[in-house]
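Read the structure below first, then the notes.
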Amino acid sequence: MASTQTSGAQTPVTAEVSAQPSAIAGLDSLELGPARPSAEPGRLARKAWQATWPKLLAIAIVLGAWELFYLSNFHGDSAIGLVKGPGTGLANLWDQMQHAQLWQAIGTTVQTAVAGYLLAMIIGSIIGAIVSRIPPLRAATGSIISGLQTMPSIAWFPFAIILFGLNTSAILFVMVLGAAPSIANGLITGVDYTPPLLLRAGRTMGLSGIALYRHLILPASLPAYVAGLKQGWAFAWRSLMAGELLVIIIGHLSLGILLNNAQDNQDLTSAISIMIVILVIGIVVDAIFSKTDRTVRRRRGLLTDAQSI
Amino acid sequence: MSVIQRRGAPPENSPGASALSDGHLPAGSGDAAIRIADVTKVYGRGPGAVHAIDRLSLTVGCGEFVCLVGASGCGKSTLLSIVAGLDTPTAGQVDTAGRRVAIMFQEPALFPWLTARRNVELALRARRVPKQERTRRALELLETVHLGDFADKRPHELSGGMRQRVAMARALAQDADVLLMDEPFGALDAMTRDLLHDEIERICSERALSVLFVTHNVREAARLGDRVVVLSSRPGRVIEEYDVPRTGPRRIDSASVAELAGRVTDRLREEMRRHG
Ligand SMILES: Nc1ncnc2c1ncn2[C@@H]1O[C@H](COP(=O)(O)OP(=O)(O)O)[C@@H](O)[C@H]1O
Ligand SMILES: [Mg+2]
């Protein structure tokens, strides 16, 4: 009806646009921007290269510095003389990788990491969910949680060892104490910052109680929760490494034990190999979290394409 | 004679005009969809209290499109929140006689993690529409607002006008009889707004929705409303009502719209001068 009527007062250009029946006419259509280019192979390869070259360069810089340090030979006869060049170091790592011992140690450590982290995730999420629902509790626990976060987790070990003895439980206990506060905090922050406008929209739609949580508050909290999970992992991994060095369990082979053995044998080259393994595991897990974090944010338009490589 | 009748002016001999007086229904519109009776809203207490609305009374008839204009801060959003049940009045009553009420805000307020279709589906789900039906109904509603091709886009992939269309589809999904709109097109460019005016007019008359539409754009009010209600500066009260007979298609640049807009603007200016 009214839309077919054109007015003479408009310039030809605007008249043409407003005569379009399409929904996206108007200046508004300019906002849409070009469609996302499709993922043809050439573009994918370029993207992959863009993502990898900084990492390759980082590795090259580290190896180069290592080699220079070795070649400079300024250490003379001191203990630093035990440092071999990257060639020898990497050969040692390769050698260790041929033996079951390293893999067994990695298996144990990863298993403890997964167990401790899952435990922290469950406990942290439950605490976060409860605390965010009960305002007085929320006010009181805020400082407890941030206090726990500032406490270096290694300081808990004497307490944990007295409580649990020299065994994995002590390590898990400290991991949970290190990681759960961050995870709880992430969830609480997410719930706190659920946009009030969305809450109003949800309530007029008739969402309430569990449905409001399931369809609005939890999805809205997801980015902050994922950030909390990521930070929690960093704390858990640190606590685990400290734990494996401090809590020596007889007949238990872990990366911490291998590091300890290297220390006892004054075997710097092996120590470096184990450290490289620890570093790589940390980097891989961190990359998984970063990827999840970016995916979550991109799906909500919180990330521009330039950032999303 | 003028096509626009001012409330309280001496009744002219058209049958509709004679029945009009403040707080009563236009004749022939049956019962009221929204009855706002002496609503007062005060935020806070003590010396710092903000008197947002003062004994405001207003009735929206069934199928009527009422536009509310007033200076910013005069309590328009507050009033809509109260009618929507998102807020409670300090005094007075709002009666929608059990009708379902949907509200649209200036921001589309879509859930950014859901696609356009899923946003609409969620509203259907909240009213317990069976699962098998939801997708079909959501697509139909998106078709209604001409967004059928964009059903699987997320809000951030849509333009501002398209997002507002999705919000409209979502409001329609609530199967409301009463639609409240709080400056829904305030953030859009003039051309997009023009298109959406046509759509909202079509949809509301097709579905016989009763609408309370808040805007600070006087021309928009004159373009869309069956009635334009002017509020005073804070605390908000109704100071003037203008009836707009449905005389056929209107455009934002129609002469009748311009004339009414001019009169409403004069009235608003007068009100603002009075309040300094
Ligand atoms: N939650 C609130 N608490 C205190 N004051 C508020 C609140 N909401 C609105 N107000 C005040 O009430 C008055 C009316 O606000 P609002 O209804 O948003 O006006 P409008 O939509 O007409 O611009 C304003 O002065 C505003 O500052
Ligand atoms: Mg407002």
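The values are calculated or read from the model by the stated rules, or taken from the named source; none is laboratory data. Keep in mind it's a predicted model, so treat the numbers as computed, not measured. Don't worry about glycine lacking a Cβ; one is built from the backbone with ideal geometry, like all the others, and counts go over all protein chains shown.
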Exercise for the section: Please state which of the following conditions A:Ser143 fails to meet, knowing it meets all the rest: (1) exposed (fewer than 13 other Cβ atoms within 10 Å of the Cβ); (2) touching a residue at least 24 places away in the same chain (Cβ under 8 Å). Expected result: (2)
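The rows are residues; the columns are (1) over 21 Å from the mean Cα position of the chain (by Cα); (2) over 30 Å from B:Arg128 (Cβ atoms).
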| site | (1), (2) |
| --- | --- |
| A:Ala155 | yes, yes |
| A:Ser169 | yes, yes |
| A:Val174 | no, yes |
| A:Leu177 | no, yes |
| A:Thr204 | yes, no |
| A:Ser221 | no, no |
Fill in the blank from the handout: All conditions in (1) assigned by TED's automatic domain parsing to the domain that holds B:Arg202; (2) hydrophobic (A, V, I, L, M, F, W, C); (3) away from ligand 1 (no atom under 16 Å from the Cβ) are true of B:Leu141 except (1)
Exercise for the section: Look through the range B:50-91, keep the residues that are more than 9 Å from ligand 1 (Cβ to nearest atom) and assigned to a loop (DSSP other than H, G, I, E, B), and return whichever of them is farthest from B:Ala176 (Cα to Cα). Expected result: B:Thr90
Handout entry: Test result for B:Arg202, surrounded by fewer than 21 Cβ atoms within 10 Å (Cβ to Cβ), within 11 Å of chain A (Cβ to nearest Cβ) and closer than 17 Å to B:Val66 by Cα
Key = yes
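Quick one: which helices (runs of 4 or more DSSP H) sit completely within the range A:155-263 and have at least 1 residues that are farther than 30 Å from B:Ala109 by Cβ?
A:157-164, A:168-192, A:218-246
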Handout entry: Residue check, A:Thr150 at pLDDT 90 or above and hydroxyl-bearing (Ser, Thr, Tyr)
Key = no
Problem - Residue in the range A:190-202 that is buried (at least 22 other Cβ atoms within 10 Å of the Cβ) and either closer than 30 Å to A:Met241 by Cβ or in contact with a Cys (Cβ under 7 Å, 6 or more places away or on another chain) (or both) present - result: yes
Exercise for the section: For the range B:185-200, state whether one or more residues are within 16 Å of ligand 2 (Cβ to nearest atom), of a type in the set (D, E, K, R) and under 21 Å from B:Ser77 (Cβ atoms). Expected result: no
Practice task
Could you tell me which numbered condition B:Ser210 fails, if it satisfies all but one of (1) over 29 Å from B:Arg163 (Cα atoms); (2) in contact with a strand residue (DSSP E or B) (Cβ under 6 Å, 6 or more places away or on another chain); (3) among the polar types (S, T, N, Q)?
Solution key: (1)
Handout entry: The lone exception for B:Leu141 - which of (1) surrounded by fewer than 19 Cβ atoms within 10 Å (Cβ to Cβ); (2) touching a residue at least 12 places away in the same chain (Cβ under 8 Å); (3) away from chain A (no Cβ under 11 Å) it fails
Key = (1)
Handout entry: Lone qualifier among A:Gly256, A:Gly251 - being crowded, with 20+ Cβ neighbours inside 10 Å and farther than 30 Å from B:Ala173 by Cα
Key = A:Gly256
Completion exercise
Screening B:Ala222, B:Ala208, B:Ala258 for residues that are at pLDDT 85 or above, surrounded by fewer than 22 Cβ atoms within 10 Å (Cβ to Cβ), over 21 Å from B:Ala109 (Cβ atoms) and away from ligand 2 (no atom under 16 Å from the Cβ) leaves only B:Ala208
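So, B:Met181, is that one under 29 Å from B:Arg55 (Cα atoms) and either aromatic (Phe, Trp, Tyr) or more than 12 Å from the chain's Cα centre (by Cα) (or both) or not?
Spelling it out, it is not the case that B:Met181 is under 29 Å from B:Arg55 (Cα atoms) and either aromatic (Phe, Trp, Tyr) or more than 12 Å from the chain's Cα centre (by Cα) (or both).
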Handout entry: Only one of B:Ala102, B:Ala97, B:Ala49 that is more than 16 Å from ligand 2 (Cβ to nearest atom), without any contact (Cβ under 8 Å) to a residue 40 or more places away in the chain and of a type outside the set (Ser, Thr, Tyr)
Key = B:Ala49
Practice task
Determine whether the range B:237-248 contains at least one residue that is modelled with pLDDT of 85 or more and under 14 Å from the mean Cα position of the chain (by Cα).
Solution key: no
Completion exercise
Considering the range B:231-255, residues that are within 14 Å of another protein chain (Cβ to nearest Cβ) and basic (Lys, Arg), and then whichever is farthest from ligand 2 (Cβ to nearest atom), we arrive at B:Arg246
Exercise for the section: State whether one or more residues within the range B:134-153 are within 16 Å of ligand 2 (Cβ to nearest atom) and either in a loop (DSSP other than H, G, I, E, B) or not small (Gly, Ala, Ser) (or both). Expected result: no
Practice task
Would you please name the residue that is nearest to the other protein chains (Cβ to nearest Cβ), looking only at residues in the range B:67-81 that are under 16 Å from B:Met104 (Cβ atoms) and more than 9 Å from ligand 2 (Cβ to nearest atom)?
Solution key: B:Ser81
Fill in the blank from the handout: Just one listed residue, out of B:Met168, B:Met191, B:Met181, is touching a residue at least 40 places away in the same chain (Cβ under 8 Å) and more than 19 Å from B:Glu121 (Cα to Cα), and it is B:Met181
Practice task
Could you please find all residues in the range A:142-154 being part of a helix (DSSP H, G or I) and closer than 20 Å to A:Ala234 by Cβ?
Solution key: A:Ile145, A:Ser146, A:Gly147, A:Leu148, A:Gln149, A:Thr150, A:Ser153, A:Ile154
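A quick yes/no check of all residues on (1) polar (S, T, N, Q); (2) within 14 Å of chain A (Cβ to nearest Cβ); (3) crowded, with 17+ Cβ neighbours inside 10 Å:
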position	(1), (2), (3)
B:Ala84	no, yes, yes
B:Val94	no, no, yes
B:Ala97	no, no, no
B:Met104	no, yes, yes
B:Leu110	no, yes, yes
B:Asn119	yes, yes, yes
B:Ala123	no, yes, yes
B:Val145	no, yes, yes
B:Asp152	no, yes, no
